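Below: the structure, in C-alpha cells.
Nothing in this text is a laboratory measurement; each read-out follows from the coordinates by a stated rule. Keep in mind that what you see is a predicted model, and the values were worked out from it rather than measured. For neighbour counting, all protein chains shown are included, and Cβ atoms are generated from backbone atoms with ideal geometry for every residue, glycine included.
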Amino acid sequence: MIQQLSNLVKKPTNAIIMDMKKYIIYLNILNIISILFLAQICLCQQTDADQAFYISKLNITGNKAISSKKVIEILNINHRQRFEPVIIENSILDLLNTYKKIGYMFTKVTWDHTIEKRNTVVINIAIQEGEKVFMGNIDFVYTGDQPLKQSTIKKLSIQKSQYFDESILEKDIYQIMNLYGEKGYPLASVSPEINIENGKINLILRVDSGIKTKIGEIKIEGLKKTKENIILRELPIRSGDIFDQKKVDETERLLNNMGYFQNVYPISFSNIDDENLMLYISVIEGPTGRINGLLGYNPSDNENESKLIGMVDGSETNLFGTARKIKISGRRGFVNSYEFAFVEPWIINKPIDLGIHFQAIDRSEIQIRQKLIEREAGLSGTMRIGSHDQIYVIGKYKRINSSELSEELFEIPDTKIPNEELANGRKYSIGIGSRFDNRDYFNNPTKGRFTDAVLELSLGDFRLIRFWFDINFYFKTLEQQVLALGIHAGRIWGDSIPITELFYLGGANSLRGYREDQFRGYERQFGNIEYRFLTGRNSHFFIFLDGGRVYTRDKESGKIKLGYGAGMRLESVNGTLSVDYGLAKGDSILKGKIHVSLGAVF
C-alpha cells in the first residue's frame, strides 16, 4: 500500500489528474447502471400493481333467507368481471338493504379474495343473517298543540309494514314534515327512537311542531331583465301569508313554467324572527326570444303535391321584461299562411290577459279544383283561476273567398273528391274555452296533465257550431323515461260548411307519417303515444305511434290511419333541434315523412 502511494506520489501532476478523471467516469457509469436497475425494479412493481384482475369465481356461504342465485343477482357481480373492491363494497350495501326489507336488521356480510392465477381472483362472501326482527308498536310523542290525526297516522307506510324498513321510515318522516309545513309549521321536526324487545322493533316518533310561521318577506335573486313585480304577481304566495308547503312547491312549478328562466333553484328560507320567515327564490334568467324554422319533406310521386313545406315563426314571450308576448309566423307548402299575435298581460292589475291576432291563409285544393282565401282578425281575453285553470273567450271575424282552379293549370288526380260548392261570405264567431295545466315542466314534462276544450258558435253567412278538445297525459315510468299520451277530437255542425272550417288531419302536429293536412272532415279523432328517453332538461329521444280518422260524406271515411316512427329533441346553448321521421302504415322505409325544426334563441 505504501509502495502504491509512493508510486502515485512519484507520478506527475497531469497523470494524477487523468487517473482521477477515469475514476469519476467509472463512478458515473456505475451510478447510471444503478439508476437504470432501480428504475426497472420500480417499473416492474408498478406494472404488477396496475395489473388488472378478473373474477373467476364467487363463493357465498351462510345465506338461508335469500337464495345464492338471488344474492348474486343483487350483488350484480359477474364471471370475468374486472375485480374492483369499491364495486364489491357498494354491492354488499345493496345486499344489506335487501335483508333489512325482509326483517333481518342485524345481518353482517364480510368478504375477502384470493389470487388464483396471475390475473384472476376468487371472491368469498360470508353472510351472518342473524334473527328476523318484526315491526312492533309505533308511538307518537308530541311537543306543541298540533298532534297528527289518526286517519293520517293510518296512512303512513311504516304502519302497514311487517318489518322495519329504514327507507320507508325516512319517507314517512318527510311526509309528516310536509303535512306540518302545509299547516304553517315549516320548522317541525321528527326524531325517531328505536327499542328492540322480544324480536320486535318498537318505534317512538317524537314530533315537535314548532311555532306557526308567516312569510315575512320574499326575496328574488338573479333577475336581470324581468321586473320583480312581474314575477311576484304570478306567485300563489304573498308576504304576510301563513307558510304553506304546498304553495311553496307550486311556486317552484310555476317559476319553471314561466319560460323566462334557464334554471330555478329550490326555494329556501331563514328566520326573520320567531314568527316570520324570509323566503329566498333564486333563478338564472334565460333568453325568451325564439326563432323557429320547420322543414318537412314529403316523398310524393304526384308532381302537383309540394314535396317540401316550410314554416318560420319568431316569438318573444317576455318583451322588455314585462311578460308581454308577441308572435309572427309564416308557412309555405300545401298551405300558405301568415299570422301576427300580441298579448297584453294583467289588464287592470288582474290576472286577465288581452290578446289580438290577425291571420291570412291561401290554400289551393287540387282535388276539388278550388282556391281558397281566408282573412281573419280576433280578440281574446283569458282569466287565470288559481295555479292550474284558465277560462278564455275568443271573438273572431273571418272573410272566406273561394274560386275554381283551371284544369289546364293542374293535373287533376284520379282520386279527386266530388266538386264542393264555392264558399264565399263572412262569419262572426265567439268561442268559450277552458284550459287545465299541472305539468311539472311545460317544455319537457315528466308528470301531469294538459287539457284544452273549446266551444265556438258562428253567425253571419255561415251558421256553425264547432267543438274540439285536446288532452295530454305524462307519466314517469323509469328513471329518465316518460310515457306521453294524447287524445284529441273535434266536431262541426251546420249547413253549407266551408271546407276551411273542417277539421284537418296529417302532418307534424297530428298524424305523423302522412303529409300535412292530408285528410279533412266534419269530425276528427286522433291519438298519440310517445315513449321518451330524457337526456337533459329540454332534450329527449322518442318513439311514437299515431292513429286517427276523419268522417266525411265519402263511404271510405272513418277508417283509422296509423303512423309510427322515431325522433329526437336536442337543446344547445343557441337553440333546439327537433327531428322526427314518420311512416304511414304500409309504407316502405324510404317513403317516410321527415320534419326538421331548428330553433334559435335571443
Here, Ser167 and Lys585, labelled 7 Å along Cα→Cβ, have an inter-label distance in nm of 4.2
Arg399: net charge of surrounding residues, Cβ under 9 Å, Lys/Arg +1, Asp/Glu -1, itself excluded?
+2
Note down the magnitude of the dipole of the chain about its Cα centre, charges +1 on Lys and Arg C-beta and -1 on Asp and Glu C-beta and zero elsewhere, to the nearest 20 debye.
840
Contact order relative to length for the stretch 146-241, counting C-alpha pairs under 8 Å separated by 6 or more residues, stands in percent at 18
In nm, to one decimal, how far is the modelled label at Lys371 from the one at Leu232, with both set 7 Å along Cα→Cβ?
5.8
Return the ratio Rg/(2.2 N^0.38 Å) for the stretch 134-208, where Rg is computed over Cα atoms only.
1.08
Note, ³J(HN,Hα) from phi for the stretch 439-450, Karplus 6.51, -1.76, 1.60, rounded to Hz, x at Gly and Pro:
4, 5, 8, 4, 7, 7, x, 10, 7, x, 9, 10
Which GluC sites (Glu not before Pro) in the stretch 505-565 sit in a loop by DSSP (not H, G, I, E or B) and have at most 12 other Cβ atoms within 10 Å of their own Cβ?
Glu556
Student exercise, the stretch 432-526 dipole from Lys, Arg, Asp, Glu Cβ charges, in Debye to nearest 20
260
Could you tell me what percent of the DSSP beta bridges with both partners in the stretch 54-128 are antiparallel, to the nearest 5?
55
Hey, can you list the DSSP H helices of the chain whose Cα span along the axis is 15 Å or longer and whose average Kyte-Doolittle score is at least -0.5?
13-50, 85-101, 166-182
Pairs of alpha-carbon atoms within less than 8 angstrom and 6+ residues apart define the contacts here; what relative contact order does the stretch 215-259 have, in percent?
42
Give me the percent of Cα-Cα pairs in the stretch 430-511 that sit more than 17 Å apart, rounded to a whole number.
58
Across 10 Å bins from the origin, how do the percents of Cα pairs in the stretch 55-115 run, short distances first?
20, 58, 20, 1
Stretch gain in nm, segment Leu319-Ser67, where the contour uses 0.36 nm per residue and the Cα spacing is subtracted
84.3 nm
May I ask you to derive the relative contact order of the chain, considering only C-alpha pairs under 8 Å and at least 6 residues apart, and to give it as an integer percent?
7
Trypsin sites (Lys or Arg not before Pro) restricted to DSSP loop in the stretch 307-399 with at most 12 other C-beta within 10 Å:
none
Under the rule a/c < 1.5 gives rounded, and otherwise a/b versus b/c splits prolate from oblate, where does the stretch 289-601 land using the Cα gyration tensor?
oblate
Fraction of alpha-carbon pairs over 40 Å apart in the chain - percent
54
Return the FRET efficiency for the residue pair Thr152, Asp389: r is the Cβ-Cβ distance, R0 is 41 Å, and the value is rounded to the nearest 0.05.
0.90
